[in-house]
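A quick write-up on the structure given underneath.
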Amino acid sequence: MLKQCTALALVAVAAAGCTTVRETQPTQTAREQLIMSTAADLASEKITPNVPKGNTIFVDSSHFADDAEYRTSYAVARIQAQLLKEGYKIAGSADKADTIAEVSTGALSIDQADKLFGIPSAKIPIPLSSPINTPQLAIYKKAIRTGVAKFNVAFYDAKSGSLEDVVGPVYGFSHYDKSSIFGFGWKNSNLLPPAAQAEMEGKTPKGAAAQ
């Protein structure tokens with residue numbers, strides 16, 4: 001009995017030593033938001049309509065369904081920025097526009113996949129107490145996070161309602177992969193350009209930010 005209690009105590013200590021606290025103010029972490037917003041960036045860059053240059057366009061987002069307002073707001077703003085970049089003007093209302101751009105989304109979310117070669121964490125029941133989780137013993141593991149954005153934009157004449165162009169579906173894919181072998185880890189992602197990545201990690205050379 002003493003040996004069993006000692007073993008359980010050691011397992012409990014090991015499990016406690018591997019505990020990670022996930023703290024974030026919104027419901028999603030900044031990384032999760034970057035995964036989705038980067039996918040939206042990449043999809044929006046492909047919106048190049050065959051509409052007369054200089055037209056004033058009103059972006060109708062009433063069909064841009066999303067359960068998170070910040071995702072909808074960013075994606076719509078990113079589409080508007082792309083249209084401005086293409087040489088169009090943005091109208092604040094449909095009655096001031098030459099063209100209506102009706103945007104819709106088929107996807108704006110994150111796919112998750114995890115691979116493990118080793119011994120996964122296991123739950124051990126403890127009599128008269130809550131169960132404990134044993135630590136994960138990984139030889140190789142990989143966490144894969146893929147952001148997926150799918151947009152469609154229909155352009156039609158604001159007065160006649162006649163179709164001018166349809167762009168899409170356009171797709172954007174972002175990724176954040178984290179791998180490790182025997183505890184030695186590395187990351188691969190397209191979320192940040194090198195300069196922004198260095199700034200986040202505090203590696204920006206002195207004076208670079210002021211240039």
* Asked: Which one of 126, 154, 94 is farthest out on the positive end of the charge dipole of segment 71-210, using unit charges on Cβ (Lys, Arg +1; Asp, Glu -1) and the Cα centre as origin?
  -> 126
* Dipole magnitude of segment 27-200 about its Cα centre, charges +1 at Lys/Arg Cβ and -1 at Asp/Glu Cβ only, in debye to the nearest 20? -> 780 debye
* To do: Mind scanning 96/150; 115/203; 46/142; 141/178; 141/187; 150/178 and naming the pairs with a C-alpha gap bigger than 19 Å?
  => 96/150; 115/203; 46/142; 150/178
* Which listed residue (59, 75, 28) has the Cα farthest towards the positive end of the charge dipole for segment 27-200, taking +1 on Lys and Arg C-beta and -1 on Asp and Glu C-beta about the Cα centre? -> 28
* To do: Please work out the Kirkwood hydrodynamic radius for segment 99-204, using every pair of different C-alpha atoms, and report it in angstroms with one decimal place.
  => 18.4 Å
* Asked: Expressed in nm to one decimal, what extension gain is obtained for the pair residue 146 and residue 84 from 0.36 nm per residue of sequence separation less their Cα-Cα distance?
  -> 19.5 nm
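Values in this text are rule-based calculations from the coordinates and carry no lab data. Remember, predicted model here, so these are calculated numbers, not experimental data. Glycine also receives a Cβ, built like all others from the backbone with ideal geometry; neighbour counts cover every protein chain displayed.
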